[in-house]
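**Student:** Following this message is one structure expressed as structure tokens.
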Amino acid sequence: MLRYLTAGESHGPELLGIIEGLPSGLAVTEEDINRQLARRQQGHGRGGRMKIEADRARIVSGVRWGGTLGSPVGLIIENRDWVNWSGKMSPSPEDAGEAPPVTRPRPGHADLPGMMKYAHTDARNVLERSSARETAMRVAAGAVFRRLLAEFGINVMGWVVEIGGVRAELKSRPDVLYKRAASSKVFCPDEGASRNMMEVIDRAGREGDSLGGVFEVVITGCPPGLGSYAQRDRTLDGMLAQALMSIQAIKGVEIGFGFAAARAPGSRVHDEIFHSGKKGYFRRTNRAGGIEGGMSNGSDIVIRAAMKPIPTLYKPLRSVDIKSKRGFRASVERSDVCAVPAASVVGEAAAAFVMAQAVAEKFGGDSLPEMKRNYEGYMEYIRKF
């Protein structure tokens, strides 16, 4: 079983990651990971933390001479800001009291429910782990999963489709859109929409506000049959939706036509099936977003996620001090105006994990050559079906 865990606080010494279940023989380098980490830190509207951190991952186990060993892969990303927090976030009881407790929970954050759940009287104990800083390690792990998928011709690509009500027009192939998005400061393939998005981000920043938006992730090269209908927790769309919804600030996920399917008749929703000697089975439309009955159907998988505006505002909202029970204007932590571009990179990583899980389940093996033999045998069967 392919799985991973992350650990670490936003202002702790480092973020940790461990990946278990990778086959041996997979080529992985720190540069593969660091390319994705650099993408996560970009995007118009990012805040001061991105000026402090320059994320670089170190592989500390499970890889030798550029190849996985089959044992757990360990990753570390150091927090450069730790030097300013070593006493405030120290694990030693001798440093208790280095920072006053945070008793004023911020609206829209994990602060208050987290304090209630874990019996904390200091919101710092909650916000340090619930912070989106955790996504740096998620992106690092995702880069490793992308390497596995690439061995089977599966590519994960993402871009921004909407920010602050400005929506892009996207009509090209996924690889073309991905290339165009790479040259946009908001990761949007539509040049005109990109300019308008930056304008509304700048306006929100001047007004002390924040903006959300929508990003899209497209997965190409998927063979049919990943996922399952046998149990509902094994459906590919269910696992993808959970993975993207788990990203901080994501409030909605749709696949293919998504919510638009609820407003259209069935004749305009379902994809007709055709067959030819050259293509085999195929569909001329992809309203299902590449998934039918909880399984990939061979078409591109298309997912969109809606991100709410970042709740930390420089125009603070009202809250209540848990100690005095008096109302106040919420405190301001260092924050972004808009992080939708970065969220699209995290979305790619989250989707890559689910797809890597599905590939490992379907073509499982202890080594990459073994998995590839299983894959080739399955694809030969599919071609003759």
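The values are calculated or read from the model by the stated rules, or taken from the named source; none is laboratory data. This structure is a prediction, so every number in the text was calculated from the model and none was measured. So basically every Cβ, Gly included, is an ideal-geometry build from the backbone, and we count neighbours across all protein chains shown.
**Student:** If I filter the range 337-385 down to residues being part of a loop (DSSP other than H, G, I, E, B) and in contact with a helix residue (DSSP H, G or I) (Cβ under 8 Å, 6 or more places away or on another chain), which single residue comes out as surrounded by the most Cβ atoms within 10 Å (Cβ to Cβ)?
**Tutor:** C338
**Student:** Moving to a separate point now. Restricting to the range 145-181, and then to whatever is over 23 Å from M307 (Cα atoms) and β-branched (V, I, T), can you tell me which residue is surrounded by the most Cβ atoms within 10 Å (Cβ to Cβ)?
**Tutor:** Among residues in the range 145-181 that are over 23 Å from M307 (Cα atoms) and β-branched (V, I, T), the one surrounded by the most Cβ atoms within 10 Å (Cβ to Cβ) is I154.
**Student:** Moving on. Every residue in the range 293-336 that is β-branched (V, I, T), under 30 Å from E254 (Cβ atoms) and not in a loop (DSSP other than H, G, I, E, B), please.
**Tutor:** I301, V302, I303
**Student:** Tell me which residues, restricted to the range 356-375, are without any contact (Cβ under 8 Å) to a residue 40 or more places away in the chain and either touching a Phe, Trp or Tyr at 6+ places or on another chain (Cβ under 7 Å) or under 19 Å from Y281 (Cβ atoms) (or both).
**Tutor:** N374
**Student:** Select from the range 69-109 the residues that are in contact (Cβ under 8 Å) with a residue 60 or more places away in the chain, touching a Gly at 6+ places or on another chain (Cβ under 9 Å) and under 30 Å from L2 (Cβ atoms) and list them in ascending order.
**Tutor:** Those that are in contact (Cβ under 8 Å) with a residue 60 or more places away in the chain, touching a Gly at 6+ places or on another chain (Cβ under 9 Å) and under 30 Å from L2 (Cβ atoms): G70, V73, L75, I76, I77, N79.
**Student:** For the structure I just gave you, tell me whether K171 is closer than 18 Å to V214 by Cβ, without any contact (Cβ under 8 Å) to a residue 24 or more places away in the chain and not aromatic (F, W, Y).
**Tutor:** Judged against the criteria, K171 is a match.
Yes or no, residue by residue, for (1) surrounded by 20 or more Cβ atoms within 10 Å (Cβ to Cβ); (2) at pLDDT below 95; (3) within 27 Å of G165 (Cα to Cα):
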| site | (1), (2), (3) |
| --- | --- |
| G225 | no, no, no |
| E272 | no, no, no |
| G277 | no, yes, no |
| R283 | no, no, no |
| I291 | yes, no, no |
| P316 | no, yes, yes |
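**Student:** Follow-up. Within the range 186-211, how many residues turn out to be of a type outside the set (A, V, I, L, M) and buried (at least 21 other Cβ atoms within 10 Å of the Cβ)?
**Tutor:** Result for the range 186-211: 6.
**Student:** Something else now. Taking into account only those residues within the range 224-235 that are in contact with a helix residue (DSSP H, G or I) (Cβ under 6 Å, 6 or more places away or on another chain) and not in a strand (DSSP E or B), which is farthest from I154 (Cα to Cα)?
**Tutor:** S228
**Student:** Right, another one. Within the range 147-195, which residues are touching a helix residue (DSSP H, G or I) at 6+ places or on another chain (Cβ under 7 Å), among the β-branched types (V, I, T) and not in a strand (DSSP E or B)?
**Tutor:** I154, V186
**Student:** Could I ask something else about it? For the range 1-114, give me every one of the strands (runs of 3 or more DSSP E) that falls completely inside it and has 2 or more residues that are loosely packed, with under 14 Cβ neighbours inside 10 Å.
**Tutor:** 3-7
**Student:** Out of everything in the range 252-282 that is under 30 Å from V340 (Cβ atoms) and basic (K, R), what residue ends up being nearest to the chain's Cα centre (by Cα)?
**Tutor:** Result: R263.
**Student:** Keeping to the range 283-323, report how many residues are over 28 Å from the mean Cα position of the chain (by Cα) and either under 23 Å from A352 (Cβ atoms) or without any contact (Cβ under 8 Å) to a residue 40 or more places away in the chain (or both).
**Tutor:** Counting residues in the range 283-323 that are over 28 Å from the mean Cα position of the chain (by Cα) and either under 23 Å from A352 (Cβ atoms) or without any contact (Cβ under 8 Å) to a residue 40 or more places away in the chain (or both) gives 2.
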